[in-house]
Amino acid sequence: MHATPLPADTRTAGDRAGQVLHEVFGYGEFRGLQRAIVEHTIVGGDALVLMPTGGGKSLCYQIPAIVRHRADQGVAIVVSPLIALMHDQVGALEEAGVHAAFLNSTLELADAVRIEREMMGGRLVLLYAAPERIATPRMLEQLDSLHERGLLSMFAIDEAHCVSQWGHDFREDYLKLSVLAERYPGVPRIALTATADALTRADIVLRLALEKARVFVSSFDRPNIRYAVVAKDKAREQLLGFIRDEHAGEAGIVYCQSRKKVDETAAWLNDQGVTALPYHAGLEANVRQRHQDRFLREDGIVMVATIAFGMGIDKPDVRFVAHLDLPKNIEGYYQETGRAGRDGLPADAWMAYGLADVVNQRRMIDESPAGDEFKRNQRGKLDALLALAEAHDCRRVRLLSYFGEASQPCGPGQNACDNCRTPPATWNATEAARMALSCVYRIEQQSGHHFGAGHLIDVLRGKPTVKVAQHGHARLSTFGVGAAIEEVQWRSVIRQLVALGHLASEGEYGTLALTASSREVLRGEVALLLREASAPTPRLRGAKRRGGAAAGGGGATGKPPPRPLDAEGLARFAALKAWRAEVARAHNLPAYVVFHDATLAEMADARPASLDELAGISGVGAKKLDAYGDDILRVLASTLGV
Ligand code: ADP
Ligand code: ZN
């Protein structure tokens, strides 16, 4: 094959990249900053790419690797932290007709030898390896040899935030990657991540010697994700209702804080007829791997997991991410919820949240062995998340503004957040708050110690419980002052007071005590406009198209939402999915690697009758057209009459 010389200017590079996008991946247009990034990288520039999950980072290095390979530049080395996912990443490229491979400890010796030979011959377009592998003497020698022969095309460093000690995914081995800049100064490097605040970003630049790299920062909005936070009240049942109403039979992730809760929740969901699997660091490695494989390969599995699960999971059709416990901070929340809807189709980020969450998170910070400054930092981050959970305005705007991005409220679209869809009722809770705080004060005065929220509410509502009698709290002047306010409302007021810092929760039982700012509330210096608790959480149903599938992948670009399929379209879609499942099984790959749901849905809708027409569907590249085109047309033809 004749090599096409490397483009000298970015425009030619961009045109060449556009051809590859179309021919290899079957996509019509670049998304967001993709074009600028690939142009820059193809002509040899270094880059640091910040793009949200689902933004399309992979193409940012895969396309330059392909263009540069065609220009005789040899092999692109992709550093990826997760050995368990390399097989599928490489499988997806091979499906698209791109010669790629991985080197890791799971390979049989014979396979490793074969792949090394392919690499050393410069025949591979991309080689995936974990950072610990890259830094071995053997690998460095091989890279030296490639480099000397002009066959070391570029480096891509995925999940680059792992290099930072500030990030929560720090990997010691990533530090070794500084060797790449020292040893191969002329070889372009592109580092990519979906999570990098200013501190982490500076760390990446420093540790990977990317001072000269151009930094590409994308919008972090995920327009196809709907955010919703509900007040916890039997959270498991709420979760089950949410899954049954909105996502029956669809894939999702449920995050819990503890391993025990993961196990219990998964078992309980199974009892209720939802196929759920547990995932946490306490499970045997082979069990974890099996559960991950099933989640990736089977349709409609719910993964119940601790935060140990998720990094690098590129399953595009995760339709919801649910939190049964409050994450630690907004970074975590954003990263975890970001795993929903990578395919650009509507997806939900749902969280149940209550007073106990605030109490737990505060306690975990207080009891951690970390230094004071670190704790102060953690508390600040938790407060920002609490403000998001308690917000009565647009959650998307709050989320983005936390990352320094100005934005507009969701608007009326079907992907609007809960607060934009149904603005929550608020009420002036200043008086109620004063009642609660002065009641805490009187209880302490009388009894010399603090009590939890349940007892406080009983006193406020004038309930003659055993505990009230025991402590003589019926004699307090605040006994029964709040009888006119419902218990749910009181719970919500107290939760919000704790979240706002006007009440402190202490110790294992979350007993309540006054804080420095309580005084201002007591004196009536702060007006409190709080969310009303009685307004039931609006059902999401109705906002969603049923059927689960829709034509045309909108992508993360905010294109118009796809059209729903009619009954015949759904039948064709089902037939295509059945066909895809067979192919995926035969190739030992997840179904989405063969074709995305969005691509199948577009086929089902457009009913292409020829290979030419089929080639026009987004996601159908040349290799897949060649390999599968006739089969697809046959499947479509055979379901025409239904
Ligand atoms: P990230 O790594 O940033 O989370 P991916 O690279 O996995 O995102 O891309 C997310 C999904 O979007 C993938 O399924 C990918 O095929 C698809 N995608 C990426 N770029 C485009 C594009 N320009 N047009 C259509 N689909 C795209
Ligand atoms: Zn909104």
Legend entry - Heavy-atom surface of region 254-297, accessible at 1.4 Å and reported per residue (Å²): 49 Å²
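Quick one: plug the Kirkwood hydrodynamic radius of region 141-233 (C-alpha pairs) into Stokes-Einstein at 37 °C, 0.692 mPa s, and report D in µm²/s. Each step should come with its number before you reach the end.
Working: Rh = 15.3 Å.
Estimated diffusion coefficient is 215 µm²/s.
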Inset, instruction - Starting from the Cα-Cα distance between VAL113 and ARG290, subtract it from 0.36 nm times their residue separation and give me the gain in nm to one decimal. - result: 61.0 nm
Inset, instruction - Measure off 7 Å from each Cα along the Cα-to-Cβ vector at ALA578 and ARG244, then give the distance between these two points in nanometres to one decimal. - result: 2.9 nm
Inset, instruction - Would you kindly find the accessible area of ASP271, with a 1.4 Å probe and non-protein molecules such as ligands, DNA and RNA excluded, rounding to the nearest 10 Å²? - result: 120 Å²
Inset, instruction - Report the local net charge at ALA627: Lys and Arg +1, Asp and Glu -1, summed over other residues whose C-beta lies under 15 Å from its C-beta. - result: -3
Inset, instruction - Averaging sequence separations of C-alpha pairs under 8 Å and six or more residues apart, then dividing by the length of the chain, give the relative contact order as a whole percent. - result: 14 percent
Inset, instruction - Counting only DSSP beta bridges with both residues in the chain, tell me the antiparallel percent, nearest 5. - result: 15 percent
Inset, instruction - Would you calculate a helix-derived [θ] at 222 nm for the chain, using -39,500 (n - 2.57) for each DSSP H run of n ≥ 4 and dividing by the full residue count, to the nearest 500? - result: -14000 deg cm²/dmol
Inset, instruction - Can you work out the accessible area per residue across region 402-454, with the rest of the protein chains kept in place, probe 1.4 Å, in square angstrom? - result: 49 Å²
Legend entry - Projected area, mean over directions - region 408-486, Cα convex hull, nm²: 7.4 nm²
Legend entry - Protein-only accessible surface order, largest first, of TYR402, TYR174 at 1.4 Å: TYR402, TYR174
Inset, instruction - On a C-alpha basis, how far is the centre of region 349-408 from the centre of region 274-332 in Å? Whole number, if you could? - result: 22 Å
Inset, instruction - With +1 on each Lys and Arg Cβ and -1 on each Asp and Glu Cβ, and nothing else charged, work out how big the dipole of the chain is about its Cα centre, in Debye to the nearest 20. - result: 1160 debye
Inset, instruction - Enter the Cα centre distance for the pair region 73-105 and region 412-483, rounded to the nearest angstrom. - result: 57 Å
Legend entry - Only Lys, Arg (+1) and Asp, Glu (-1) charged, at Cβ; region 343-431 dipole about Cα centre in debye: 80 debye
Legend entry - Residue (of ILE243, SER153, GLY186) at the positive-pole extreme of region 138-257, dipole from beta-carbon charges: GLY186
Legend entry - Cβ-derived FRET efficiency at R0 51 Å, ALA425 paired with ARG11, nearest 0.05: 0.40
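If I compute solvent accessible area with a 1.4 Å probe over the protein chains, what percent of it on region 181-256 is carbon and sulfur?
53 percent
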Legend entry - Too-long pairs where the Cα-Cα distance tops 19 Å, listed order kept, from LYS577/LYS624; LYS234/LYS467; LYS234/LYS260; LYS328/LYS381: LYS234/LYS467
Legend entry - the chain - Debye-derived log10 I(q)/I(0), Cα point model, q = 0.05, 0.07, 0.11, 0.12 Å⁻¹: -0.27, -0.51, -1.11, -1.28
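Of SER447, SER518, which has the most accessible area with a 1.4 Å probe, and how do the rest follow in descending order? Spell out each step's value before the answer.
Numbers: SER447 35, SER518 0 Å².
Sorted descending by solvent-accessible area, the residues read SER447, SER518.
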Legend entry - Whole-number accessible area per residue in Å² for region 116-219, which is evaluated in the context of all protein chains at 1.4 Å: 43 Å²
Legend entry - Protein accessible area in region 25-89, 1.4 Å probe - carbon and sulfur %: 46 percent
Inset, instruction - Could you tell me what percent of the accessible area of region 336-401 is made up of carbon and sulfur, with a 1.4 Å probe and every protein chain present? - result: 49 percent
Legend entry - Label point 7 Å beyond Cα of HIS147 along Cβ direction - residues of region 178-207 with amide nitrogen under 13 Å: 178-189
Inset, instruction - Just add up the charged neighbours of HIS392: K/R +1, D/E -1, any other residue whose Cβ is under 15 Å from the Cβ of HIS392. - result: +2
Inset, instruction - For the chain, build the charge dipole from Cβ charges (+1 Lys, Arg; -1 Asp, Glu) around the Cα centre, then report which of ALA533, SER218, VAL24 sits farthest towards its positive end. - result: ALA533
Legend entry - Exposure of ARG442 as accessible area (Å², to 10), given a probe of 1.4 Å and all protein chains: 80 Å²
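For a Förster distance of 45 Å, can you work out the FRET efficiency between the beta-carbons of ASP631 and LEU206, rounded to the nearest 0.05?
That pair, ASP631 with LEU206, gives E of 0.30.
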Legend entry - Estimated vicinal HN-Hα couplings, Hz - region 3-13 in sequence order (Karplus 6.51, -1.76, 1.60; Gly, Pro = x): 7, 8, x, 4, x, 8, 10, 5, 5, 4, 4
Inset, instruction - About the Cα centre of region 23-114, how large is the charge dipole given +1 on each Lys and Arg Cβ and -1 on each Asp and Glu Cβ? Please answer in debye to the nearest 20. - result: 240 debye
Inset, instruction - Quickly work out the GLU568-to-ASP383 label distance, labels modelled 7 Å from Cα along the C-beta direction, and quote it in nm with one decimal. - result: 6.2 nm
Inset, instruction - Compute the separation of the alpha-carbon centres of region 174-247 and region 562-581 and state it in Å as a whole number. - result: 33 Å
Inset, instruction - Would you work out which of TYR402, SER368, GLY312 lies farthest towards the positive end of the dipole of region 264-415? Charges go on Cβ: Lys and Arg +1, Asp and Glu -1. - result: TYR402
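The values are calculated or read from the model by the stated rules, or taken from the named source; none is laboratory data. Source: prediction; values computed, not measured. FYI the Cβ positions are ideal-geometry reconstructions off the backbone, even for glycines, and counts take in every protein chain you see. The protein model used for the area step is the full one, side chains on, heavy atoms only, and it has no ligands, DNA or RNA in it. Shrake-Rupley method; radii C 1.70, N 1.55, O 1.52, S 1.80 Å.
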